[in-house]
Amino acid sequence: MQIEKDEVKKFLLSWTNGVVDIGIANEEKRDFKRAAIDFLNHHYAFDEGDVMFKPTFTTIKLFRNNFEEALSYFIGGAFDEDNGFALKPWVKIELGQEPNIRLINDIAYAMGSLNFYPLKSEGYSQVIFTFILKKFSNNLKIILHHSSPVPISKL
């Protein structure tokens, strides 16, 4: 089940749109929890085995390696520091540059930056990410997600 670069790019677009859709569901008073559950099931391999997840904005509970902890990061709940990253809401999320992608059989490594544009303010937040994706049947899913804010230079 060889992965193609276009599949990875399509997956990244689906991931960014999925995060935005969770926030829209919340803004429109729809079932944002269901949207988040569907998002996690579609994009992360928790149902297939172990997932390693280091979310962008965590400082106390750094890693969220199970479904419930990942859900809390995206919509809040389990930990005091979880304000619902996907509930911000974001008006759009776009790749900051062409991602670096390496393919090895049914595994893809993707590294790049994402620009998160909030609905209610100017500017954007830039995040650096690394995803390792594995192909299950015909679907790519994240088995490792590491992201962090771009550090501010103090030079």
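The values are calculated or read from the model by the stated rules, or taken from the named source; none is laboratory data. The structure presented is a predicted model; accordingly, all values stated were derived computationally and were not measured. Note that we place each Cβ from the backbone using ideal geometry, even for glycine, and neighbour counts take in every protein chain shown.
Checked against the criterion of being in contact (Cβ under 8 Å) with a residue 40 or more places away in the chain and among the basic types (Lys, Arg), the candidates 88, 29 yield just one match: 88. Within segment 1-16, being assigned to a helix (DSSP H, G or I) and in contact (Cβ under 8 Å) with a residue 24 or more places away in the chain holds for 5, 7, 8, 9, 11, 12, 14, 15, 16. For segment 103-119, the criterion of being under 17 Å from residue 14 (Cα atoms) and among the β-branched types (Val, Ile, Thr) is met by no residue. Residue 16 meets each of the listed conditions (1) in contact with a helix residue (DSSP H, G or I) (Cβ under 9 Å, 6 or more places away or on another chain); (2) surrounded by fewer than 20 Cβ atoms within 10 Å (Cβ to Cβ); (3) β-branched (Val, Ile, Thr) apart from (1). When the strands (runs of 3 or more DSSP E) confined to segment 52-148 are screened for residues that are surrounded by 14 or more Cβ atoms within 10 Å (Cβ to Cβ) and under 13 Å from the mean Cα position of the chain (by Cα), those reaching at least 1 such residues are found at 52-54, 90-95, 107-118, 125-136. Would segment 2-20 turn up any residue that is closer than 14 Å to residue 84 by Cβ, hydrophobic (A, V, I, L, M, F, W, C), touching a strand residue (DSSP E or B) at 6+ places or on another chain (Cβ under 9 Å) and at pLDDT 95 or above? Yes, because at least one residue in segment 2-20 is closer than 14 Å to residue 84 by Cβ, hydrophobic (A, V, I, L, M, F, W, C), touching a strand residue (DSSP E or B) at 6+ places or on another chain (Cβ under 9 Å) and at pLDDT 95 or above. Checking each residue in segment 120-132 for being β-branched (Val, Ile, Thr) and either under 15 Å from residue 10 (Cα atoms) or in contact (Cβ under 8 Å) with a residue 24 or more places away in the chain (or both) picks out 127, 132.
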